[in-house]
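The values are calculated or read from the model by the stated rules, or taken from the named source; none is laboratory data. In this text, all values refer to a predicted model and were calculated from it rather than measured experimentally. Here the Cβ positions follow ideal geometry from the backbone for every residue, glycine too, while neighbour counts run over all protein chains shown. For accessibility, only protein heavy atoms count, side chains too; no ligands or nucleic acids. Shrake-Rupley method; radii C 1.70, N 1.55, O 1.52, S 1.80 Å.
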Amino acid sequence: MRFGDLLAFNFKAIRRQRARSIMLLIAIAIGVLAINLLTGIGEGGKQFVLGEFDILGKNVLIMVPGKKETTGGIPPLTGETTRDLSLQDAEAILRLPDVSAVAPLIPGKIEISHGSLSREAFTIGTNRAFFPMRKLELAQGSILPEVPMDQAVSVCVIGSKLRRELFGSRPALGQWLRAGDSRFRVIGILKDRGQGMSLDMNDAIMIPVASAQSLFNTEGLFRIFIELRGLQELDKSRLRITDLLKNRHDGEEDVTIITQDSLLSAFANILDTMTLTVAGIAAISMLVAGILIMNVSLIAVSQRTSEIGLLKALGLPARTVRLIFLTEAMMMAAGGAVVGLIISQVLLFMARQTYPSVPFTTPSWAMLGSITVAMFTALIFSAIPARRAANMVPVDALLDKTAG
Amino acid sequence: MIQLRQLCRDFLVGDQTVHALDHLDLSIDKGEYLSVMGPSGSGKSTLLNMLGLLDKPSAGEYLLNGTATSGLKEEQRASLRGGHIGFVFQSYHLIPRLNARENIELPLVLAGIAPKLRQPRVAELLARLDLIDRAEHIPNQLSGGQRQRVAIGRAIVMEPDLLLADEPTGNLDSKSGLEVITLLEELNAGGITLLVVTHDENVGARARRRLHMIDGAISRDWQTDSAESKSILTAKPLTGKPLTQKTDGKTPGAF
Ligand SMILES: Nc1ncnc2c1ncn2[C@@H]1O[C@H](COP(=O)(O)OP(=O)(O)OP(=O)(O)O)[C@@H](O)[C@H]1O
Ligand SMILES: [Mg+2]
């Protein structure tokens, strides 16, 4: 039998048994959908976190006040403060030989105005080192000046979107902005970087950290970014910084240092759980689909007994009879796989539209894998029915009175 | 062409053995036209299935064109069925989802013959069987006589040497029954060996050679008056050339 004829012959049979075909199609589609959707979400999350750290670089540590166990779960990014991190702490860290740069961080939201236009903006109190560390580039002007950390200067750098909203097409450089009770002169404007990751810098205003302290009336730092000279001594440097802070804080270890690796490994745990879930759902849905395929095919074989008898009388060898039933199941599985694949890709597309910053895409191994698994399921579970059909004695099958 | 030697076929029903065929001897020559009659349960269908290689004997030997069929593998039996033997059943056994054309074409499809070669062959048969108007109809939409003509088309599309018909007129009224029988007879006139199992005395009487079976054995085997058969054959001429012409000696199914 020619392959094209085989497909056409099967297609007519599938169309004829609409209810069972649709049932099978759905079962397979659910399995394939689950695999593609969940791996797509997992992969999206992973790429998102990796992208975030790409900006910081592997040699940047993040220090947050408060001590938490980093082994389980995500480190305390929000940080419940026990003892404040001070500017003096930051300066002390910078004096360590293996530290090349330190950027303190005090974030907040405050009303910014220029003339009659005003707007609530994300305000970051920091220093010069912050810009290269976060790979922020300027469209105009210069970054924050080189001054001691505890010196307040009334200057600011603003994001491109904030500039548009406050100045429109008028020049912004050198102009004064009002923020709360203080005034800041615009000395730099950031390049438009598109949709950022966790912090939207297009919408932010950056001021010297000491100015932020007085503006927000706070002493403690929210975070300190620490850039190391090299990666080789990362663990030693980390210990040295912890010791330094312990000495400065009366022997108490009350800060947490986050590395890219520690965050990634925490995230890897989540991904592992997710992968297990995917595997579980896939296995269950494929098993259900498989059992469905087997039962439905067994019914089909017995319903089509007299047809099988006829095919054998017409000279079809047993192996071709088997092939007919195997390919029929595989054709239905392929149909289900395509449906599942399409639905999953549509859902992921919608997710990307809703969260543009997260790259939800099914990895190609998962796509290929899900289709392969679906086809194998069909093959394995239709083997028994197909063999039953193939082994029928022609005369018995022909005499079967259930069909004419 | 066919030789049966002491052929037996036993069925075990409960703890009782039924001798459906009981030490049966028979020999059939190429081109013969036989009818098989006898009471119900006498083993007519069993004999026909045996000749058609659909069933295997419990004992005895079946020689087809000189080869002992007992030594054949199932694969070889299937290929002999496909290429050399055509079946016509009382209940037609058409595939319900396929239309008349596709049902006739089925053996060619199963044999893996290219569509280009199939089309003219099927078209010719549809015309010959007077089914052109019904070519796209599925069996449900056809009368009994039309269905049986489709079944005959399917049986001869591979140009077999042997045509086995088990009560081909059993489900038909006398008019379409006669049409079917004359069609079969015309095929026989073209050279095909024809064996018809029937309960209808009129149908049975048309054959040149008649078998009567009782209890799994042939109780009577006689030739009818050849003049009478001839007169029947010529009484109802059908148009066109005979369907089966094997003058070039090519093997059936090998086109
Ligand atoms: N598959 C089977 N299992 C058991 N017994 C069978 C089987 N097939 C046939 N028989 C028995 O073998 C005997 C011959 O059956 P067969 O069908 O050949 O009769 P028949 O002459 O064709 O009858 P009818 O005219 O009713 O078609 C019967 O007694 C029947 O019951
Ligand atoms: Mg019978």
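Within segment B:143-174, restricting attention to residues that are charged (D, E, K, R) and more than 21 Å from B:Leu126 (Cβ to Cβ), which residue is farthest from the other protein chains (Cβ to nearest Cβ)?
Residue satisfying both the conditions and the ranking: B:Asp173.
Restricting attention to segment A:272-296, which residues are open to solvent by less than 70 Å² (accessible area, probe 1.4 Å) and within 20 Å of A:Ala19 (Cα to Cα)?
Residues satisfying the conditions are A:Ser285, A:Met286, A:Ala289, A:Gly290, A:Leu292, A:Ile293, A:Met294, A:Val296.
Between A:Gly309, A:Gly369, which is small (Gly, Ala, Ser), within 12 Å of chain B (Cβ to nearest Cβ) and either open to solvent by 60 Å² or more (accessible area, probe 1.4 Å) or part of a helix (DSSP H, G or I) (or both)?
Only one candidate passes the filter, namely A:Gly309.
Could you tell me whether segment B:206-224 includes any residue that is among the polar types (S, T, N, Q), open to solvent by 30 Å² or more (accessible area, probe 1.4 Å) and either away from ligand 1 (no atom under 16 Å from the Cβ) or touching a Pro at 6+ places or on another chain (Cβ under 9 Å) (or both)?
Within segment B:206-224, one or more residues are among the polar types (S, T, N, Q), open to solvent by 30 Å² or more (accessible area, probe 1.4 Å) and either away from ligand 1 (no atom under 16 Å from the Cβ) or touching a Pro at 6+ places or on another chain (Cβ under 9 Å) (or both).
Do the conditions hold for A:Ala386, that is, is it in contact with a Phe, Trp or Tyr (Cβ under 6 Å, 6 or more places away or on another chain), within 14 Å of chain B (Cβ to nearest Cβ) and among the small types (Gly, Ala, Ser)?
Answer is no for this residue.
Restricting the search to segment B:23-59, which residues are more than 9 Å from ligand 1 (Cβ to nearest atom), more than 14 Å from every other protein chain (Cβ to nearest Cβ) and surrounded by fewer than 16 Cβ atoms within 10 Å (Cβ to Cβ)?
Matches in segment B:23-59: B:His23, B:Asp25, B:Ser27, B:Asp29, B:Lys30, B:Gly31, B:Ala59.
For segment B:79-90, how many residues are facing another protein chain (nearest Cβ under 7 Å) and within 16 Å of the chain's Cα centre (by Cα)?
Final tally of qualifying residues: 4.
Can you tell me which residue is most open to solvent (accessible area, probe 1.4 Å) among those in segment B:91-124 that are more than 18 Å from A:Arg304 (Cα to Cα), touching a residue at least 12 places away in the same chain (Cβ under 8 Å) and facing chain A (nearest Cβ under 9 Å)?
Looking at residues that are more than 18 Å from A:Arg304 (Cα to Cα), touching a residue at least 12 places away in the same chain (Cβ under 8 Å) and facing chain A (nearest Cβ under 9 Å), I get B:Ala111.
Can you work out which of the residues in segment A:204-248 that are of a type outside the set (S, T, N, Q) and at pLDDT below 85 is most open to solvent (accessible area, probe 1.4 Å)?
Checking each candidate, the answer is A:Asp235.
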